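Below: one structure, written as structure tokens.
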Amino acid sequence: MSKIKFHFSKPIILIVVIVCFNQTSLFSNQSEYDLCQLFNDNSLKIVDVGLENEILNILNHVGINSNSFVLQACEKLENALAITYSGDRYILYGKGFLDSIISKTNFWSSTFILAHEIAHHIYGHTRDLKLLNEGSLSDFDLNQKRIQELEADNFAGFILSKMGASIHDASQVITNYTNNVSNIHSTHPIKEKRLEAIRKGFERSLGIDTYSPNNATDYFNLAKQNFFDQNFSGAIINFDYALNLDPNLNEAYLNRAISKTKIQDFQGALIDYNYFILHNPSDPEAYIDRGLCKLNIKDFSGAENDFNYALNLDKTNPRIFLSRGKLFQAIGETELALNSLNQALLIDPYFNFALYDRANIFLTKNLPFRALKDLNLIIENDPNFIDTYSLRGKLKFDIGDNIGAIKDLEYFIKFNNYPEELNLLGLCKFNLKDYSSAINYFDKALNIDKKFASAYRNRGIVKEKTKDYFGACKDWKEAAKLGCIECLNWIKISCN
């Protein structure tokens, strides 16, 4: 999953804020905008789609499919805070503070901070400020707050591991911006304890140190659970342990091979596939998977041999025809690919992966409405086939349905905040003459990929349209540096 990059450059306090309020009049209005005033700050009435989507992504990794938190930017706040007020759960952050330190560290820092604050809410660490002010609730003591911080750090380490971060990425905020000064009178533990909590959460995600397997079967089962949780590195580690204890555990070779393909270790996967097939020569699925692995390293002849062998073993498996379709596409045999996918769909008319690949072929053949029919059928079959929304959004844009494209693409970026889709959303908004939203989406695309020439080009066009000629020229010059040839002509004509 790509993310909006927000970073922290100075010591931060990731805290559950419990404040003794003197300004009781603030409680007369149940608006999140009052909360910034509690810190002598002003609210900013902005919606940061990138951060909102990052919160959704974090929640999705723990099985929560909707965002019940209110994200609120404050103008000067130099922190990120989890607050409950009148039953609603808020995450406040200092917009200027975050913006000023974007370049200080990588994008995982913003994920860590948001995950940390989400943990405070999920674990019930936040007392309702209104009830505290009324005296209906008492605050946590310092020892309880320190324990809560470690719980939130553990959760953040767990989440970052699940999302593919390294232990270095997960630890960098605490490593760089906290210290080991005595914590007796602080709400926060010392750096050493916090790093330990992050490490334990990180390893818990990988299935390490949370369970003590006794034999190869235990490790094998733990590895399968890791795989199910999409913790592929943890799965490989535990398959290794299983095979060290029992080198004849054939299923571990097959499953380790599949796990290795997930992290694109195709050569390592081939070694495991070869061993498994040597001892299980009649398993068609193994030939399919090995063939796909060979396809990824452009061994087209080897892939074709595996798919044909699988077909000799089982002529009713639609995955074989799907895989042959992928091979034919890779070598430029479009008609053979289409025929193979049609065969897959004769066996299973609701085989979404075949429908998706066939839609792509229809698009290359300039048959957009046949592609649209397949994409619509996929979503009818499975509304959670997320990639379909991206492809359908691009198709709708191409046929001039900007509103339909926006609906699909905005749904897609809730799960995958990719710069290409953000750039396309900007173009849709531009076509609808919503120039402010267009620039916002181009900004977000460039926050993720600062070398995205098309986003600079397109943002420059919008700026020219809105008479920001200086800004347009600046963007076109950046795009030209990155290879935009037409931008050179625009610079020559319009820029001094």
Return the residues of region 360-376 that are closer than 19 Å to Ser340 by Cα and assigned to a helix (DSSP H, G or I); say none if nothing qualifies.
Asn360, Ile361, Phe362, Leu363, Thr364, Arg370, Ala371, Lys373, Asp374, Leu375
Taking Leu395, is it assigned to a helix (DSSP H, G or I) and out of contact with any Lys or Arg (no Cβ under 7 Å at 6 or more places or on another chain)?
yes
It is to be established whether one or more residues within region 440-458 are at positive phi, part of a loop (DSSP other than H, G, I, E, B) and without any contact (Cβ under 8 Å) to a residue 24 or more places away in the chain.
no
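Yes/no matrix, rows are residues, columns are (1) aliphatic (A, V, I, L, M); (2) more than 20 Å from Asn296 (Cβ to Cβ); (3) surrounded by fewer than 21 Cβ atoms within 10 Å (Cβ to Cβ):
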position: Asn221; (1), (2), (3): no, yes, yes
position: Asp229; (1), (2), (3): no, yes, yes
position: Ser233; (1), (2), (3): no, no, yes
position: Ile236; (1), (2), (3): yes, no, no
position: Pro247; (1), (2), (3): no, yes, yes
position: Leu254; (1), (2), (3): yes, no, no
position: Ala257; (1), (2), (3): yes, no, no
Mind counting the residues in region 377-392 that are in a helix (DSSP H, G or I) and within 23 Å of Glu54 (Cα to Cα)?
6
Which ones in region 141-168 are part of a helix (DSSP H, G or I) and among the charged types (D, E, K, R)?
Lys145, Arg146, Glu149, Glu151, Asp153, Lys162
Please work out which one of (1) among the small types (Gly, Ala, Ser); (2) surrounded by fewer than 17 Cβ atoms within 10 Å (Cβ to Cβ); (3) within 32 Å of the chain's Cα centre (by Cα) is the condition Ala269 fails and give its number.
(2)
Going residue by residue through region 413-435, is there one that turns out to be at positive phi and not in a helix (DSSP H, G or I)?
yes
Can you tell me how many residues within region 329-342 are in contact (Cβ under 8 Å) with a residue 24 or more places away in the chain and over 13 Å from Lys365 (Cβ atoms)?
2
Note down all Cβ pairs under 9 Å where the first residue falls in region 379-401 and is among the aromatic types (Phe, Trp, Tyr), the second is assigned to a loop (DSSP other than H, G, I, E, B) and at pLDDT below 95, and they're at least six residues apart or on different chains.
Tyr389/Phe415
Residue that is nearest to the chain's Cα centre (by Cα), among those in region 406-449 that are aromatic (Phe, Trp, Tyr) and over 25 Å from Phe385 (Cα atoms):
Phe442
Is it fair to say Leu243 is farther than 24 Å from Asp218 by Cβ and of a type in the set (A, V, I, L, M)?
no
Within the group Asp357, Asp398, which residue is in contact with a Pro (Cβ under 7 Å, 6 or more places away or on another chain), over 26 Å from Leu56 (Cβ atoms) and either at pLDDT below 95 or not hydrophobic (A, V, I, L, M, F, W, C) (or both)?
Asp398
Among the helices (runs of 4 or more DSSP H) confined wholly to region 6-120, which include 1 or more residues that are modelled with pLDDT of 60 or more and of a type in the set (Val, Ile, Thr)?
49-60
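The values are calculated or read from the model by the stated rules, or taken from the named source; none is laboratory data. Please read all numbers here as calculations on a predicted model, not as lab measurements. Every residue, glycine among them, receives a Cβ derived from its backbone with ideal geometry; neighbour counts consider all protein chains shown.
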